[in-house]
Amino acid sequence: QNCPNTFNPTTQIQFAVPKSGYVTLAIFNDLGQKVATLVDGNMTPGVYQQVFNGSRYASGMYFARLVAGGHVMTIKMLMIK
């Protein structure tokens, strides 16, 4: 999950990688357009944090999609400026 949620304009996204492999963490707007890629590469097991800075984007609903080890997880994030 991200913290804080509702955010302005930055939020931290914490996630765990259960086994070594290719991981992507991307941010999408409410139209489904990718606005940022925070992680895109091989990672080892562990707990990680990435910061999303939304200062260049409009207020609204955003989605963080994590793909790791064949699993996909999506969370909703609300940015209010």
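The values are calculated or read from the model by the stated rules, or taken from the named source; none is laboratory data. This one's a predicted model, so the numbers in the text were calculated from it and none came from an experiment. Backbone-built Cβ (ideal geometry, glycine too); neighbour counts: all protein chains shown. What goes into the accessible areas is simple: the full protein's heavy atoms, side chains included, and nothing from ligands, DNA or RNA. Shrake-Rupley method; radii C 1.70, N 1.55, O 1.52, S 1.80 Å.
Numbers at a glance
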read-out: Surface per residue (accessible, 1.4 Å probe) for the chain, Å²; value: 60 Å²
read-out: Label-point gap, in nm, between V51 and H71 - each point 7 angstrom along Cα→Cβ; value: 2.7 nm
read-out: Nearest-10 value in Å² for the accessible area of S20, using the 1.4 Å probe; value: 80 Å²
read-out: Length added when fully stretched, D40-Q1, from 0.36 nm per residue minus Cα-Cα; value: 12.2 nm
read-out: Average Cα contact separation per residue, the chain, under 8 Å, 6 or more apart, as relative contact order %; value: 37 percent
